[in-house]
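A.B. asks: This is the structure I want to talk about, given as structure tokens.
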Amino acid sequence: MRLTQGCFSFLPDLTDAQIRAQAQYCIDNGWAVNIEFTDDPHPRNTYWEMWGLPMFDIKDAAAVMMELAECRRAYGDRYIRLSGFDSSHGWESVKLSFLVNRPSEEPGFRLVRQEAEGRNVRYTTQAYVTDRPEGKRYG
Amino acid sequence: MAETIRSYGHPGITDPLSCERSGGGGPSATLSAVANQPALGLPTEFIDLARELTEAGVEEVLTELDDELIGLAPVKTRIREIAALLLVERVRRKLGLSSEPPTLHMSFTGNPGTGKTTVALRMADILHRLGFVRKGHLISVTRDDLVGQYIGHTAPKTKEILKRAMGGVLFIDEAYYLYRAENERDYGQEAIEILLQVMENQREDLVVILAGYAGPMEKFFRSNPGFRSRIAHHIDFPDYADGELLAIGELILAKQNYKLSDSGREALAHYITARKQQPHFSNARSIRNALDRARLRQANRIVRSAANLKITAKDLMTIDAPDLLASRVFGQDATANSPLSDETESTFD
Ligand SMILES: Nc1ncnc2c1ncn2[C@@H]1O[C@H](COP(=O)(O)OP(=O)(O)OP(=O)(O)O)[C@@H](O)[C@H]1O
Ligand SMILES: [Mg+2]
């Protein structure tokens, strides 16, 4: 199951040239560019790990691509996303975020039904991979 | 590809390409000889290099360089040569004649205050205008910015700087301090290795300029052949002659809306001769520092005389002989202990 998240989730995965252009767009807008990775694909997982520090004093997307290449070397079997954080007053939030890397195999999610009080049924999704401990989930 | 080619059909302008392809009997004969040359399908119109030059706005930078920097004739010549090379390279690129990004890393050698940093800034501008760096900013660093204090500290530090410099020029002043021959476990080596790797693999992302004094630089290159082989242009900055230093002084003052009185000019000339004999002389920078102190003395002189005299705008603009002659460079006299006398040069740098 191909996971989609963030901006461009309706598009095929971005090529490196397209990623670079988006990173440059963030830089040109004065947003800090962040690289994050995780092996917990759940859409509600907000705790992605940072790869290095936010990049806020760079001028060219080559810097982002260099870090991305290194992150992929270390965590190429996980999800990696790139985000642009606007620190300006009143915004202070992520303006753009999209996936730039995914594991080669994505087993997807199981649907869990829980019988609750009365005749209620609670539905939840669980990623198959999270049965295994962190760091041992893909590949 | 044809639309990217500039062809203005000026018959008077020589075309490096048409010379290259003028020999050979017809297209098919040449085709087999140089099979993978992409230029062969291209038209043979003339290329207007002059127009390319104006379009890139490089001539402006070069003229500015000529106007704003005194002397430095050999440096200016080299920079013009490099600019010409880059211009031709740029046109060749447009025609698909070159694929590899050219090596543009440089080394600037010369004594302190001979204009290395100033020229590096201009170089960044030239490279940007010609499209060889994308942004054209200059990040100036020394060993301390690149090399860490403990294990695992250096690589992130160096990479941080490299990332900031991407799209522009990384200027490493006194580059030889990166390498400490006496300590083989020195963290400088780690920084050097990262630099070498990026200089080789990311040539289109940034240009590195190493700067320093000629002697130690030479030694540095000898112990780090990797650097020498990655550097395309070595430029040597000569010391300034006395007359040039005087002209530089006047230029610096003019930029700040000051000028020398006739006797002031004479005093500065004397100052230059005297200052050169003393330790820590650093060419144009010494002049700049001397003039900063002269401005201080001038202000003091004017304030003290303000009670008795009417001050005009001209007075505020003029640096006079006493403002310079009070300098300690002219011997240990009564002024030596006054707060306005020269300290050793280095404390002011
Ligand atoms: N040819 C020149 N014309 C006018 N001003 C100059 C010239 N050369 C240097 N200067 C001035 O002298 C000062 C010192 O120059 P710069 O910092 O470029 O020297 P440097 O070679 O980098 O010295 P260092 O090796 O000590 O770093 C600057 O303020 C610069 O403006
Ligand atoms: Mg300098």
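A.B. asks: Look at the stretch B:136-167 and say how many of its residues are free of Cβ contacts under 8 Å to residues at least 12 places away in the same chain and within 13 Å of another protein chain (Cβ to nearest Cβ).
C.D. replies: 3
A.B. asks: May I pose another question? So if I check each of A:ALA116, A:ALA69, A:ALA62, which one is open to solvent by less than 70 Å² (accessible area, probe 1.4 Å) and farther than 24 Å from B:GLY167 by Cα?
C.D. replies: A:ALA116
A.B. asks: In the stretch B:126-185, what residues are open to solvent by less than 10 Å² (accessible area, probe 1.4 Å), in a strand (DSSP E or B) and within 30 Å of B:ARG93 (Cα to Cα)?
C.D. replies: Across the stretch B:126-185, the qualifying residues are B:VAL169, B:LEU170, B:PHE171, B:ILE172.
A.B. asks: Something else now. Of the residues that sit in the stretch A:37-59 and are open to solvent by 60 Å² or more (accessible area, probe 1.4 Å) and in contact with a strand residue (DSSP E or B) (Cβ under 6 Å, 6 or more places away or on another chain), which one is modelled with the lowest pLDDT?
C.D. replies: Result: A:PHE56.
A.B. asks: Something else now. Quick one: how many residues across the stretch B:101-135 are within 14 Å of chain A (Cβ to nearest Cβ) and either among the basic types (Lys, Arg) or under 13 Å from the mean Cα position of the chain (by Cα) (or both)?
C.D. replies: Matching residues across the stretch B:101-135 total 4.
A.B. asks: Just to be sure I understand the filter: pairs with C-beta atoms under 8 Å, separated by 6 or more residues or on different chains, first member in the stretch A:40-65 and touching a residue at least 40 places away in the same chain (Cβ under 8 Å) and within 12 Å of chain B (Cβ to nearest Cβ), second member open to solvent by 50 Å² or more (accessible area, probe 1.4 Å) and of a type in the set (Gly, Ala, Ser). Which pairs pass?
C.D. replies: A:ALA61/A:ALA21
A.B. asks: A:ASP16: farther than 20 Å from B:ALA165 by Cα and within 14 Å of another protein chain (Cβ to nearest Cβ), yes or no?
C.D. replies: Against the criterion (farther than 20 Å from B:ALA165 by Cα and within 14 Å of another protein chain (Cβ to nearest Cβ)), A:ASP16 qualifies.
A.B. asks: B:ALA175 fails exactly one of the following numbered conditions: (1) more than 14 Å from chain A (Cβ to nearest Cβ); (2) modelled with pLDDT of 95 or more. What is the number of that condition?
C.D. replies: The number of the failed condition is (2).
A.B. asks: On to the next question. Go through the stretch B:62-73 residue by residue and tally those that are within 15 Å of B:ALA124 (Cβ to Cβ) and more than 14 Å from ligand 1 (Cβ to nearest atom).
C.D. replies: Count: 1.
A.B. asks: Tell me yes or no: at least one residue of the stretch B:142-155 is away from ligand 2 (no atom under 13 Å from the Cβ) and polar (S, T, N, Q).
C.D. replies: Yes: the stretch B:142-155 contains one or more residues that are away from ligand 2 (no atom under 13 Å from the Cβ) and polar (S, T, N, Q).
A.B. asks: Here are the criteria: (1) away from chain A (no Cβ under 14 Å); (2) closer than 22 Å to B:ASP125 by Cα; (3) away from ligand 2 (no atom under 16 Å from the Cβ). Tell me which single one B:GLY212 does not satisfy.
C.D. replies: (3)
A.B. asks: Would you tally the residues in the stretch B:111-165 being in contact with a helix residue (DSSP H, G or I) (Cβ under 6 Å, 6 or more places away or on another chain) and acidic (Asp, Glu)?
C.D. replies: Number of matching residues: 2.
A.B. asks: In this structure, is A:ALA21 within 12 Å of chain B (Cβ to nearest Cβ), surrounded by fewer than 21 Cβ atoms within 10 Å (Cβ to Cβ) and either in contact (Cβ under 8 Å) with a residue 24 or more places away in the chain or closer than 17 Å to B:PRO156 by Cβ (or both)? Give the steps one after another, and end with the answer.
C.D. replies: On the way: within 12 Å of chain B (Cβ to nearest Cβ): no; surrounded by fewer than 21 Cβ atoms within 10 Å (Cβ to Cβ): yes; either in contact (Cβ under 8 Å) with a residue 24 or more places away in the chain or closer than 17 Å to B:PRO156 by Cβ (or both): yes.
No; evaluated as a whole, the condition is false for this residue.
A.B. asks: Okay, next question. For the stretch A:99-125, how many residues meet the condition of being out of contact with any Asp or Glu (no Cβ under 9 Å at 6 or more places or on another chain) and closer than 22 Å to A:THR46 by Cβ?
C.D. replies: First, the residues of the stretch A:99-125 that are out of contact with any Asp or Glu (no Cβ under 9 Å at 6 or more places or on another chain): A:105-120, A:123-125.
Then keep just the ones that are closer than 22 Å to A:THR46 by Cβ; that gives A:106-112, A:123-125.
Qualifying residue count for the region: 10.
A.B. asks: While we're on this one: When only residues in the stretch B:186-209 that are part of a helix (DSSP H, G or I) and within 14 Å of another protein chain (Cβ to nearest Cβ) count, which is farthest from ligand 2 (Cβ to nearest atom)? Lay out the reasoning, then the answer.
C.D. replies: Narrowing the stretch B:186-209 to residues part of a helix (DSSP H, G or I): B:188-201.
With within 14 Å of another protein chain (Cβ to nearest Cβ) added as a condition, the list becomes B:194-195, B:197-201.
On the way: B:ILE194: 23, B:LEU195: 19, B:GLN197: 26, B:VAL198: 22, B:MET199: 20, B:GLU200: 25, B:ASN201: 27 Å.
Within the stretch B:186-209, the match that is farthest from ligand 2 (Cβ to nearest atom) is B:ASN201.
A.B. asks: Here is a follow-up. Going residue by residue through the stretch A:48-56, is there one that turns out to be assigned to a loop (DSSP other than H, G, I, E, B) and closer than 17 Å to A:PRO103 by Cβ?
C.D. replies: Yes, the stretch A:48-56 has at least one match.
A.B. asks: Just checking, how many residues over the stretch B:93-116 are more than 10 Å from ligand 1 (Cβ to nearest atom) and assigned to a loop (DSSP other than H, G, I, E, B)?
C.D. replies: Counting residues in the stretch B:93-116 that are more than 10 Å from ligand 1 (Cβ to nearest atom) and assigned to a loop (DSSP other than H, G, I, E, B) gives 11.
A.B. asks: Further, regarding this structure: Does at least one position in the stretch A:89-98 carry a residue that is touching a Gly at 6+ places or on another chain (Cβ under 9 Å), of a type in the set (A, V, I, L, M), within 20 Å of A:ASP13 (Cα to Cα) and assigned to a helix (DSSP H, G or I)?
C.D. replies: No, the stretch A:89-98 has no match at all.
Condition check ((1) touching a helix residue (DSSP H, G or I) at 6+ places or on another chain (Cβ under 7 Å); (2) outside any loop (DSSP other than H, G, I, E, B); (3) β-branched (Val, Ile, Thr)) across all residues:
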| residue | (1), (2), (3) |
| --- | --- |
| A:MET1 | no, no, no |
| A:LEU11 | no, no, no |
| A:ALA17 | no, yes, no |
| A:CYS26 | no, yes, no |
| A:THR46 | no, no, yes |
| A:ALA69 | no, yes, no |
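A.B. asks: I need a count of the residues in the stretch B:60-117 that are within 16 Å of ligand 2 (Cβ to nearest atom) and in contact with a Ser or Thr (Cβ under 9 Å, 6 or more places away or on another chain). Break it down into steps so the answer makes sense when it comes.
C.D. replies: Our first condition is that a residue be within 16 Å of ligand 2 (Cβ to nearest atom); within the stretch B:60-117, this holds for B:69, B:72, B:75, B:106-117.
Retained after the next criterion (residues that are in contact with a Ser or Thr (Cβ under 9 Å, 6 or more places away or on another chain)): B:69, B:72, B:75, B:108, B:111-114, B:116-117.
Matching residues across the stretch B:60-117 total 10.
A.B. asks: Quick check on my filter: what residues within the stretch B:246-281 are open to solvent by 30 Å² or more (accessible area, probe 1.4 Å) and in a loop (DSSP other than H, G, I, E, B)?
C.D. replies: Listed by number, the residues that qualify are B:GLN256, B:ASN257, B:TYR258, B:GLN277, B:GLN278, B:PRO279, B:HIS280, B:PHE281.
A.B. asks: Is it the case that some residue within the stretch B:207-229 is charged (D, E, K, R) and open to solvent by less than 40 Å² (accessible area, probe 1.4 Å)?
C.D. replies: The answer is no, given that none of the residues of the stretch B:207-229 is charged (D, E, K, R) and open to solvent by less than 40 Å² (accessible area, probe 1.4 Å).
A.B. asks: Another question, then. Looking only at the stretch B:74-92, count how many residues are of a type outside the set (D, E, K, R) and within 13 Å of ligand 1 (Cβ to nearest atom).
C.D. replies: Total satisfying the criteria: 3.
The values are calculated or read from the model by the stated rules, or taken from the named source; none is laboratory data. Here the structure is a predicted model, which is why all the values come from computation and not from measurement. Virtual Cβ from ideal backbone geometry, glycine too; neighbours counted across all protein chains shown. The accessibility values were calculated without ligands, DNA or RNA, using every heavy atom of the protein model including side chains. Shrake-Rupley method; radii C 1.70, N 1.55, O 1.52, S 1.80 Å.
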